[in-house]
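The values are calculated or read from the model by the stated rules, or taken from the named source; none is laboratory data. These numbers were taken from a predicted model, which means no experiment stands behind them. All Cβ positions, even for glycine, are placed from backbone atoms using ideal geometry, and neighbour counts span all protein chains on display.
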Amino acid sequence: MFDVDAVRARFSVFKGDFVFLDAPGGTQVPDEVAAAVARNYRDASGNMGAPYETSRRIEALIDEARERAAGFLGATPEEIVFGANMTSLNFTLSRTVGRTLSPGDEIVVTALDHDANVAPWLELARDKDLVVRQVNITDDTNLDYGELESLLNPRTRIVAFPFASNALGTTVDAARVSSLAHRAGALAWVDAVQYAPHLPIDVKAIDADVLICSSYKFCGPHLGIAYGRREVIESWRPYKARPSANEPVGHRFETGTLPYELLAALVASFDYLDSIGGIDEIAGWERTLGEAFLAGLPEGTRLYGSPTMEGRVPTFLVNYDGIPSAELSVALAKEGFGVWSGDNYYALALYERLAWRDALRVGIAHYNTLEEIGRLNETLGVLVRGAKAASADG
Ligand SMILES: Cc1ncc(COP(=O)(O)O)c(C=O)c1O
């Protein structure tokens, strides 16, 4: 059994009784990750490339961070690229691959995507006269694989898609999309920001060409991590300062000096995840929490996305007829629950298609407890029934 109390003891933030259910926005961080930032400033400040100890420590740290990130994604260390965040990495890498594209070439994106995996392609299309096509979702909010297949053609060069939706939690069969993309001669370009915290990733098993995630979504620092298949990225001409090293190949796409203190925090966050059993253990516990949440939802809940834990991560978008979610999220905050209310959640096409106006997003992480989920459901029920009664009276 997952020892959630032992996990929580490692986070000062959980000393109070506020319930954090905002993981898709960014998770809480264990103290050891915060401590790694300070330790790095003390022990390895300055820069790499100098002939003395503090500098050598930075070089060792970069190697270790690359190795650990590669282990997390099933990649090799050379295939890792660090950047400010997913969005910045995606603009950089899309602009770089854009050098290989010609007017009329096509890029496929999906209606499940966060705009960080759409806008870079729209901007590139504008600059290079490319065509961007969008795959829709089915009525049950899954990716429409049939439509994807019908959009692919010899001009398709990239298929960009999310591994999991940041709004609905819906997961995508990445191996299937990669296989379709490759059959058409296109690259499989995966936004794994919302998948990485919840389910294990193996870039080779899904046959991704590029995959990007962000460690602040899994108890790490605000840092982006990209994987790029070696044979693909070594053929690209990078936008880089000329004296900067060309090896390892992933480094070509890292502009300027890396945030070493955040790399130290990243290593600490992988140590933390490993010490609690890794993402496999996390997935099992989060499934239990998600099932409890779904089973205890108050009457009248409108849930967008899968009604079970099949085909999803534990991110849930819900609404209640006649009760503005903005009011509910404020009321929940007063009761000690951190739950977001929002409009498009950067998922512009989904928002257009499902028209939820404003909706509550409840994001469960492995550090949540069954007691917290039970209490949330109960409080939500009280608030919803109270609002309904008040509107009936009014
Ligand atoms: C699915 C998804 N993709 C991309 C991003 C952007 O990530 P970043 O903040 O690292 O740029 C987010 C952020 O929430 C996200 O949820």
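Points worth noting:
- Among the conditions (1) surrounded by 15 or more Cβ atoms within 10 Å (Cβ to Cβ); (2) on the phi > 0 side of the Ramachandran plot, the only one that Tyr216 does not satisfy is (2).
- Restricting attention to segment 107-157 and to residues that are in contact (Cβ under 8 Å) with a residue 40 or more places away in the chain and polar (S, T, N, Q), the residue that is nearest to Val190 (Cα to Cα) turns out to be Asn117.
- Only one of Arg157, Arg176 that is in a helix (DSSP H, G or I), more than 11 Å from the ligand (Cβ to nearest atom), charged (D, E, K, R) and surrounded by fewer than 23 Cβ atoms within 10 Å (Cβ to Cβ): Arg176
- Checked against the criterion of being among the hydroxyl-bearing types (Ser, Thr, Tyr), modelled with pLDDT of 95 or more and either at positive phi or away from the ligand (no atom under 12 Å from the Cβ) (or both), segment 160-172 has no qualifying residue.
- Residues that are aromatic (Phe, Trp, Tyr) and within 16 Å of the ligand (Cβ to nearest atom), drawn from segment 323-359: Trp340, Tyr345, Tyr346, Tyr351
- Segment 189-298 holds helices (runs of 4 or more DSSP H) entirely within its bounds, and those carrying 2 or more residues that are away from the ligand (no atom under 16 Å from the Cβ), free of Cβ contacts under 8 Å to residues at least 24 places away in the same chain and not β-branched (Val, Ile, Thr) map to 260-275, 278-295.
- Residue-level check: of (1) of a type outside the set (Asp, Glu); (2) surrounded by 16 or more Cβ atoms within 10 Å (Cβ to Cβ); (3) under 20 Å from the mean Cα position of the chain (by Cα); (4) not assigned by TED's automatic domain parsing to the domain that holds Glu79, Ala292 misses just (3).
- Of all the numbered requirements in (1) surrounded by fewer than 14 Cβ atoms within 10 Å (Cβ to Cβ); (2) among the hydrophobic types (A, V, I, L, M, F, W, C); (3) part of a loop (DSSP other than H, G, I, E, B), Ala6 misses one, and that requirement is (3).
- Any hit, segment 51-72, residues being small (Gly, Ala, Ser) and part of a loop (DSSP other than H, G, I, E, B): no
- Filter pass, Phe20 being more than 30 Å from Ala359 (Cβ to Cβ), within 16 Å of the ligand (Cβ to nearest atom) and of a type in the set (Phe, Trp, Tyr): no
- When the test is whether a residue is of a type outside the set (Lys, Arg), surrounded by 19 or more Cβ atoms within 10 Å (Cβ to Cβ) and touching a Cys at 6+ places or on another chain (Cβ under 9 Å), Ser269 passes it.
- Residue in segment 355-390 that is nearest to Asn166 (Cα to Cα), counting only those that are in contact with a strand residue (DSSP E or B) (Cβ under 7 Å, 6 or more places away or on another chain) and among the small types (Gly, Ala, Ser): Gly363
- Considering segment 23-55, the residues that are touching a residue at least 12 places away in the same chain (Cβ under 8 Å) and in contact with a Gly (Cβ under 6 Å, 6 or more places away or on another chain) include one that is nearest to the ligand (Cβ to nearest atom), namely Pro24.
- In segment 299-316, residue nearest to the chain's Cα centre (by Cα) [restricted to those that are assigned to a strand (DSSP E or B) and under 21 Å from Leu380 (Cα atoms)]: Thr315
Per-residue answers, yes or no, for (1) at pLDDT below 95; (2) aliphatic (A, V, I, L, M); (3) surrounded by fewer than 16 Cβ atoms within 10 Å (Cβ to Cβ); (4) over 17 Å from the mean Cα position of the chain (by Cα):
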| residue | (1), (2), (3), (4) |
| --- | --- |
| Gln28 | no, no, no, no |
| Asn40 | no, no, no, yes |
| Ser45 | yes, no, yes, yes |
| Asp63 | no, no, yes, yes |
| Ala70 | no, yes, no, no |
| Pro77 | no, no, no, yes |
| Leu89 | no, yes, no, no |
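- Selection count, segment 78-132, where residues are within 16 Å of the ligand (Cβ to nearest atom) and in a helix (DSSP H, G or I): 18
- Of the residues screened, Tyr320 is not one that is touching a residue at least 60 places away in the same chain (Cβ under 8 Å), aromatic (Phe, Trp, Tyr) and within 16 Å of the ligand (Cβ to nearest atom).
Results for (1) charged (D, E, K, R); (2) outside the structural domain of Thr255 (by TED's automatic domain parsing); (3) over 19 Å from Arg353 (Cα atoms), shown as yes or no for each residue.
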site: Leu89; (1), (2), (3): no, no, yes
site: Thr96; (1), (2), (3): no, no, yes
site: Asp113; (1), (2), (3): yes, no, no
site: Ala116; (1), (2), (3): no, no, no
site: Ala125; (1), (2), (3): no, no, yes
site: Val135; (1), (2), (3): no, no, no
site: Glu149; (1), (2), (3): yes, no, yes
site: Asn166; (1), (2), (3): no, no, no
site: Ser178; (1), (2), (3): no, no, yes
